[in-house]
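Engineer: Quick one: this structure, given as structure tokens, is what I'll be asking you about.
The values are calculated or read from the model by the stated rules, or taken from the named source; none is laboratory data. Just so it is clear, the structure is predicted and the values come from calculations on it, not from any experiment. With ideal geometry, Cβ positions are generated from the backbone for all residues, glycine too; neighbour counts draw on all protein chains shown.
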Amino acid sequence: MADVSRRDFIKQLGVTVGAAALAGPVGAAVSAGPAEAQSAAGKIPDTPLKVGQMTFLSGPAAVLGEPMLKGTLLAVEEINAAGGVLGKRKIEVVKADEAAGTDANVKELKRLKLEEKIDFFTGITSSGNTPALGPVAEELKVLTIFVDGCTDFLFDKAVPNPKYVFRITNIQSADGVTAAIATAMTWPHVRRIAHIHPDYSYGRNAFDHTKIVLDKMLPGVEVVMEGWPKLGTTDFTAHITKAISAKPDLLVSSVWGGDYIAFYKQGLGYGLFKQMKFTSTIAFGVAPHAIGKDHPEGVIAGVHANYYFTYPPGNRWPLNTEFVKKYYARWKEYPNFQAEGAYVAMQMYKLAIERANRLTGGWPEDEQIIGQLEGLGYSGPAGYIYFRPDNHQGYKDAMTGFSKNVDSYPFQILDPASVITIPIRNITAPPGWPAPALNGPPTRTYDWIEKTWPKMRE
Amino acid sequence: MRRAVWSAVGRAVGSIWDAVRARPLVFASVALAVFALNLVLPLAVLSFARKPWDYFSFNPWLSQLPGWLASPQASFDRKLTFLQNVSIFWFTASSPYDAPEWGFAVGLRDLVRWAFVASLFGAYFALWAYARTRGAGGQGRGGRPGGVAGAVLSTLGLSTAPCSVMGCGAPVLPVVGLAFQGLSSSALVGLATLSSVANLAVEVGLSLVVLVLAWIVGRDRAGLRASAGVRLEGSHLDAVPGRQG
């Protein structure tokens, strides 16, 4: 493998800091925004358009689910206020609580389709539920856009040719890769790395991808400590003291939600953040307003590599400014990545209907809407997103940034002036990259990075 | 030399076939039990160590599999890859968080592997029973060590069998890796490697044990037949007038 300098490689990746411009959609011929609507062609029924929305409305994952529902409802209210889809069909949302358990959720999806006769299904947070609901949605022919529930299992092992099912969530491997690239750019001299991750698939995934990228980008790097607290842990004392005693240069973590609030507050008590650099994949990703002003400044505070409401900032990207304004006005809080994803899912569904209507006239069949969704590019609050036709997965550029206190918010935010963005196509395995063998590399992207990225010199 | 090896393999295969035909109940019950153990053991370990599953499903998409395989929409390579990975059914234990407590998925490759290992065990016990009743196999003197070795290898293989987790891009973790939380990444890599090695050892080791046992049974049967023939021949000779005294 050629000897490449880290600086040159970062340039090749297309990494930008404080991005002056947003990258265009990859592979999408046209990218449309929410203002594309024209008058409808043909006869449109005025019956309600029924949308099933399922997410966590109770329990600890409601911190993810509630913003998702709010994002959906905001989009629906906007569409209805403008006269409905194609100016005629008002959307009616049928809600369901994902916390009921997988078995109950599958029954509920069947009920929604067969009894409520929904036209479209969206939502879903848990990666245990998408593999159960995805094949059922295909079987029942329910047009679906999952907002989250990211797992390779769905399209690798359950449904190889999704027709009715799409997924808008971020690419999971991007979390670890983005955090590691940002770390290598910001603190190229760190060598001794400690890790604290929740002991479940997300934490393991974040560890694997952070490690493989740091191994490539920072020669001589070593893992000096690992802590794997159980998901839902509120006492991190043992892990924090173990990390401090390992004397690392850097601590990497993917602890999230309420767990993260407990973690950082306990870390402050031990002076953790004064003794080492800190990189998180998701610290600021869940509930922006939950992060206190006491949170350490200047740390890499990831947002699930996905979206943060302060970026793109100001008048640089009016779509975000408007979205944040509307969301705050409606819900008295700021949106997170789940809210943005749910909002965009509804808007892309509406856009696909409008485009199909222009081609065929009248209310389009699901197959015609699907034809428009495949390869559809859309300009949303976070930037450009498109659905790859081969796997129905939404792709948008990855981002992370640095924590900062500003007077204009009562909580700490991600500094919009130093946000790091990376084109998603440059940090994920390309289409056609083979699935890794059983007990082999954890993901396609891991395998691709391991085999194709050079070891870098200073 | 090559002919001798093929002859020995042929004799062993013939013995296995004879043993399975002679002891179909032993073969079927052992094979079924081992096959079931492959499924039940991981579920039992995970249910005990974490929480019982609350969802089971056959992959509903499988009804579309024949049509997809016949259609030109995917390349041959893609179809082959998917067939190797496709999940036939799975169990999950729900969690209040964004991922299941655990998931255990069984694919086509798992079923083929389980069926193969189960058949080996079935053949081994059928041979053993057959040899005992026929007085071949040195009254089981070659069987006991082989059985113990097979059992040890099997237990090792089963306890570290890979378990598909339905998480966010999750790696395939060994059951024991899922069962006990807080293991370091190197411990997990070690368990995954052990799982691969143990599974290979079960398959190769047990195949060899069965072949050797079958060869011994075949050899002893041949020896018995030969000695029975000599005795018979001797009795004829004994009857020949003028040979006495």
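Engineer: Which residue pairs have Cβ atoms under 9 Å apart, sit 6 or more places apart or on different chains, and have a first residue in region A:157-172 that is closer than 21 Å to B:Trp68 by Cα and a second that is of a type in the set (Ser, Thr, Tyr) and assigned to a loop (DSSP other than H, G, I, E, B)?
Structural biologist: Listed by first residue and then by second, the contacts come to A:Lys157/B:Ser164; A:Asn161/B:Ser71.
Engineer: Still on this structure, I have one more. Return the only residue of A:Ala23, A:Ala35, A:Ala29 being modelled with pLDDT under 95, out of contact with any Leu (no Cβ under 7 Å at 6 or more places or on another chain) and in a helix (DSSP H, G or I).
Structural biologist: Exactly one residue qualifies, and that residue is A:Ala35.
Engineer: Next question. Out of region B:30-47, which residues are exposed (fewer than 14 other Cβ atoms within 10 Å of the Cβ) and either in contact (Cβ under 8 Å) with a residue 24 or more places away in the chain or in contact with a Ser or Thr (Cβ under 7 Å, 6 or more places away or on another chain) (or both)?
Structural biologist: Residues of region B:30-47 that are exposed (fewer than 14 other Cβ atoms within 10 Å of the Cβ), as a first pass: B:32, B:36, B:40, B:44.
B:Leu32 - this is the single residue of region B:30-47 that is exposed (fewer than 14 other Cβ atoms within 10 Å of the Cβ) and either in contact (Cβ under 8 Å) with a residue 24 or more places away in the chain or in contact with a Ser or Thr (Cβ under 7 Å, 6 or more places away or on another chain) (or both).
Engineer: Please find, within region A:429-458, the residue that is surrounded by the fewest Cβ atoms within 10 Å (Cβ to Cβ) out of those that are within 11 Å of chain B (Cβ to nearest Cβ) and touching a strand residue (DSSP E or B) at 6+ places or on another chain (Cβ under 9 Å).
Structural biologist: The residue in question is A:Leu438.
Engineer: Going by the structure shown, is B:Ser63 within 9 Å of chain A (Cβ to nearest Cβ), at pLDDT 90 or above and outside any helix (DSSP H, G or I)?
Structural biologist: no
Engineer: Taking the options A:Tyr349, A:Tyr311, A:Tyr334, name whichever one is under 21 Å from A:Lys90 (Cα atoms) and touching a residue at least 24 places away in the same chain (Cβ under 8 Å).
Structural biologist: A:Tyr349
To keep it simple, each residue is scored yes or no on (1) modelled with pLDDT under 90; (2) surrounded by fewer than 23 Cβ atoms within 10 Å (Cβ to Cβ); (3) outside any helix (DSSP H, G or I).
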| residue | (1), (2), (3) |
| --- | --- |
| A:Ile385 | no, no, yes |
| A:Asp390 | yes, yes, yes |
| A:Gly394 | no, no, yes |
| A:Ser403 | no, yes, yes |
| A:Asp407 | no, yes, yes |
| A:Pro410 | no, yes, yes |
| A:Ala417 | no, yes, no |
| A:Thr421 | no, no, yes |
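Engineer: Something else: In region A:68-88, is there at least one residue being part of a helix (DSSP H, G or I) and within 14 Å of chain B (Cβ to nearest Cβ)?
Structural biologist: Going residue by residue through region A:68-88, those that are part of a helix (DSSP H, G or I) are A:68-81.
Subsequent filtering for residues that are within 14 Å of chain B (Cβ to nearest Cβ) retains A:68.
Within region A:68-88, one or more residues are part of a helix (DSSP H, G or I) and within 14 Å of chain B (Cβ to nearest Cβ).
Engineer: Select from region A:205-219 the residues that are part of a helix (DSSP H, G or I) and either under 19 Å from A:Ser5 (Cβ atoms) or among the aliphatic types (A, V, I, L, M) (or both) and list them in ascending order.
Structural biologist: A:Ala206, A:Ile212, A:Val213, A:Leu214, A:Asp215, A:Lys216, A:Met217
Engineer: May I ask you to list the residues in region A:42-62 that are surrounded by 14 or more Cβ atoms within 10 Å (Cβ to Cβ), β-branched (Val, Ile, Thr) and not in a strand (DSSP E or B)?
Structural biologist: Across region A:42-62, the qualifying residue is only A:Ile44.
Engineer: Same structure again: Just give me the residues in region A:194-206 being buried (at least 24 other Cβ atoms within 10 Å of the Cβ) and facing chain B (nearest Cβ under 7 Å), in sequence order.
Structural biologist: The answer is A:Tyr200, A:Ser201, A:Tyr202, A:Arg204, A:Asn205.
Engineer: Applying the selection to region A:108-134, what residues are under 13 Å from A:Phe155 (Cα atoms) and either in a helix (DSSP H, G or I) or away from every other protein chain (no Cβ under 11 Å) (or both)?
Structural biologist: A:Thr130, A:Pro131, A:Ala132, A:Leu133, A:Gly134, listed by residue number.
Engineer: Still on this structure, please answer the following. Could you pull out the residue among B:Phe56, B:Phe35, B:Phe27, B:Phe121 that is assigned to a strand (DSSP E or B) and either modelled with pLDDT of 85 or more or more than 7 Å from chain A (Cβ to nearest Cβ) (or both)?
Structural biologist: The match here is B:Phe56.
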